[in-house]
Amino acid sequence: MLTKKWTWLVSAVLIVLMFALTGCQTVQGLDLAQAIHTSASVKSSQSKSSLKLELVPGDTSKLTAEEKAALTALQNVTIDLAVLKQDPQHLSAEGKLTYSKGSVPFKLSTDGLKVTLSIEGAKKPVVLDVLGGSDLSFLQLIPAALQAPLGGAVAEIKPAIVDWLLANSPNPANVTVTPAAETVNGESLALQKAHIALNGTETSALLQGLLQNLLADEDGLKEVISQLYDALQPVIDEQINAGSADFTLNLLKNKQLVVGLVFSPIHDLLEQLAGSLTAADASGEPSLSRDLLNPAASLQADIYFDANKQIRKQSLAVNLPLPDSKIGASAAKITMSSEIWNIDKPITAVPVSAEGALTVGTGSSSIYKVLGNLDKQSVLYALLKNDLNVTKKEIHLATDGSGASADMPQAYINANWNTMVPVRFVSEQLGADVAWNGDTRQVTITDPLTDKTIVLTLDNTTALVNGHEVQLESAATLTNSSTYVPIRFIVEEALEANISFDDATHVVTIKRD
């Protein structure tokens with residue numbers, strides 16, 4: 001299905017889409033920017049929402065039977081949520097994910113940017129650490145002591161972030177505002193409806209305009225970072241006064257230095273997103289504007305405001321043609337609806353217990369940890385493993401050095417005619433975690449899918465698999481700063497994947513289903 005980059009692109013676009021749609025104009029007496037600002041400042045509320053993804057079948061002639069079955073299973077996927085927002089940092093929700101083979105009820109609660117999930121079919125709760133597992137470069141500048149309070153600080157300055165986005169949003173041409181009588185949580189309300197209708201080209205132009213404006217508004221970005229620093233400063237001072245030995249914390253006392261250090265990687269991230277909206281590069285990476293936001297795409301949004309300029313109801317319909325789709329779908333249709341009530345009334349969120357929880361980040365191995373935490377007979381396991389094929393991997397390694405590059409260690413054939421492969425590269429590609437202990441000269445591989453722990457010692461032909469000794473054909477060895485082991489041991493015996501060799505091309509292929 002969608003690649004990791006596509007998922008990130010679509011997620012990022014949905015985040016900025018609201019601001020690109022509303023712009024900063026006043027239409028028929030409704031100041032859209034002020035209304036969005038007002039809604040972003042809401043402290044507490046109740047809401048419900050529904051999101052639906054529909055894949056329209058296309059040319060399936062080149063798909064395998066397995067791929068056709070997955071496409072059929074995923075043609076209609078819905079997520080329903082009922083949310084209690086207590087304050088900007090704490091909310092809880094009860095929801096259900098439904099697709100053709102069943103439903104997955106779940107509960108969640110947030111504490112800043114940490115999300116705790118209780119999922120039907122999971123052996124224990126899951127804590128998603130949005131920041132802890134992220135590979136965003138600017139987060140690496142933040143000391144561990146500030147990771148937890150960072151989510152609360154971001155929530156605190158949300159209005160400032162919204163204002164910065166709105167100030168840089170271009171005005172869409174096709175916006176109309178009309179009176180509307182709507183029902184919200186069973187209550188009839190007199191509202192104003194802002195209706196936006198755009199094709200893909202117009203939407204792409206708005207997104208590109210917004211991102212270019214954000215990149216140009218360097219002072220605005222620095223001001224947002226400055227406000228985030230101010231929100232975190234009490235925690236910084238508390239840690240320093242408590243005698244923390246973290247050298248980075250003392251560096252953070254210099255606000256001007258911090259703002260300068262954080263500015264560059266965030267600016268680079270915006271440039272990356274802006275570049276992803278333009279034509280594909282030489283590597284053949286997909287282009288959002290070319291492949292999805294083309295003239296045949298369409299977007300319609302209705303946003304309903306009350307007399308206090310609060311958003312009370314929303315609906316969104318997006319149609320994305322997929323002319324060159326390799327998944328057998330001709331288009332993707334996304335619809336979303338939501339309504340909100342009890343705005344700024346006393347609301348009490350219901351936290352999900354995190355006792356004994358599995359903590360995951362946003363790294364590539366997280367999905368394997370989640371799978372390892374699921375009952376293999378559960379609906380969610382079947383969805384992830386069998387229909388979305390999240391564990392399906394294929395790695396190609398040349399054994400003659402022809403595929404060598406600076407960032408990819410190569411396989412080779414040793415004097416014993418054993419094919420040796422870089423253990424960290426192969427293990428991580430297949431979803432396992434790898435740790436190195438320099439004192440014992442040992443590599444420890446933890447595979448959540450097979451529930452195996454493998455310990456390898458350099459220059460030793462004995463390995464441990466879940467504590468049991470296994471003899472290797474050749475000893476683990478250090479080559480070009482990487483630990484190498486025999487391919488049949490690490491792939492077939494330890495990680496339970498499959499191997500094939502092409503004698504003509506000298507390429508070994510590793511597959512995991």
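The values are calculated or read from the model by the stated rules, or taken from the named source; none is laboratory data. No experiment lies behind these values; they were computed from the predicted model shown. All Cβ positions, even for glycine, are placed from backbone atoms using ideal geometry, and neighbour counts span all protein chains on display. The protein model used for the area step is the full one, side chains on, heavy atoms only, and it has no ligands, DNA or RNA in it. Shrake-Rupley method; radii C 1.70, N 1.55, O 1.52, S 1.80 Å.
Worth pointing out:
- Across the cross-link table entries LYS85/LYS333; LYS114/LYS376; LYS48/LYS107, which are compared at the Cα atoms, the separations over 18 Å belong to LYS85/LYS333; LYS114/LYS376.
- Heavy-atom accessible area order for MET420, MET336, largest first, 1.4 Å probe: MET336, MET420
- Between ASP87 and GLU473, the FRET efficiency from the beta-carbon distance, with R0 = 60 Å, is close to 0.50.
- Peptides 94-101, 503-510, 298-305 ordered by packing proxy, namely the average of other Cβ atoms within 10 Å per residue, highest first: 298-305, 94-101, 503-510.
- Hz values of 3J(HN,Hα) by residue in segment 221-229 - Karplus curve (6.51, -1.76, 1.60), Gly and Pro given as x: 5, 5, 5, 4, 4, 4, 5, 5, 4
- Residue-level accessible surface for THR453, protein heavy atoms, 1.4 Å, Å²: 60
- Across segment 146-263, the relative contact order, built from alpha-carbon pairs under 8 Å that are at least six residues apart, equals 29 percent.
- Backbone N under 13 Å from the THR183 label point (7 Å along Cα→Cβ), restricted to segment 293-332: none
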